[in-house]
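I'd like to ask some things about the structure below.
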Amino acid sequence: MHPPCDLACLPPIVLLSLDAIHPERIATMERYMIESPHTENDCDKAIQEIAAAGFLHHFEWGCKDGVHSGWAIIEAENREHAKQIVPWMMREKARIVKLVKFEDADPLHKSSS
């Protein structure tokens with residue numbers, strides 16, 4: 001029998017799949033775009049690694065157009081948790097961008113016209 005475990009002891013990747021079970025966690029999640037570049041030689045390996053981690057359905061790929069990169073938009077508690085879905089061999093080159101939606105232009109994004 002396993003000792004009791006709250007959500008804090010689970011790895012971030014597992015937390016992504018728990019939204020349906022614990023909808024109250026959704027409010028604390030942030031949205032991130034992951035860009036994961038790789039070389040043409042590493043193309044098959046990159047896709048296999050993402051698939052093995054269970055995240056292939058999150059990614060879209062530019063490889064067939066000569067842009068060897070994968071992109072995904074995910075929800076995670078923070079940037080480091082988002083980065084964990086990128087296989088270790090590509091993690092150093094990955095770019096993680098926090099996404100926000102604007103309902104109205106704030107002072108920084110208003111047109112000057």
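State all residues of segment 37-69 that are under 11 Å from the mean Cα position of the chain (by Cα) and within 15 Å of R95 (Cα to Cα); if no residue qualifies, say none.
Scanning segment 37-69 gives a single hit, F59.
Can I ask one more? Select from segment 72-90 the residues that are assigned to a strand (DSSP E or B) and of a type in the set (A, V, I, L, M) and write down the one among them that is surrounded by the most Cβ atoms within 10 Å (Cβ to Cβ).
The first filter runs over segment 72-90 and keeps only residues assigned to a strand (DSSP E or B), leaving 72-76.
Applying the additional criterion that residues be of a type in the set (A, V, I, L, M) yields 72-74, 76.
On the way: A72: 19, I73: 14, I74: 20, A76: 22.
So the residue we want is A76.
For segment 46-71, which residues satisfy the criterion of being at negative phi and loosely packed, with under 12 Cβ neighbours inside 10 Å? Give the steps one after another, and end with the answer.
Step one: list which residues in segment 46-71 are at negative phi, which gives 46-53, 55-65, 67-71.
Within segment 46-71, A52, H57, E60, K64, D65, V67 meet the criteria.
For E77, are the conditions met, namely being touching a residue at least 24 places away in the same chain (Cβ under 8 Å) and within 22 Å of E30 (Cβ to Cβ)?
Judged against the criteria, E77 is a match.
Can you tell me which of K101, K93 is at pLDDT below 90, assigned to a loop (DSSP other than H, G, I, E, B) and over 11 Å from the mean Cα position of the chain (by Cα)?
Numbers: K93 fails: at pLDDT below 90.
Of K101, K93, the one residue that is at pLDDT below 90, assigned to a loop (DSSP other than H, G, I, E, B) and over 11 Å from the mean Cα position of the chain (by Cα) is K101.
I'm checking my understanding of the structure. Among residues of segment 28-46 that are in contact with a helix residue (DSSP H, G or I) (Cβ under 7 Å, 6 or more places away or on another chain) and not in a loop (DSSP other than H, G, I, E, B), which one is nearest to E75 (Cα to Cα)? Break it down into steps so the answer makes sense when it comes.
Initial filter on segment 28-46 (in contact with a helix residue (DSSP H, G or I) (Cβ under 7 Å, 6 or more places away or on another chain)): 32, 34, 36, 38, 43, 46.
Within this subset, residues satisfying the condition of being not in a loop (DSSP other than H, G, I, E, B) are 32, 34, 36, 43, 46.
Details: Y32: 6, I34: 11, S36: 16, C43: 25, A46: 21 Å.
That would be Y32.
The values are calculated or read from the model by the stated rules, or taken from the named source; none is laboratory data. As the structure is a prediction and not an experimental result, all values here were calculated from the model. Every residue, glycine among them, receives a Cβ derived from its backbone with ideal geometry; neighbour counts consider all protein chains shown.
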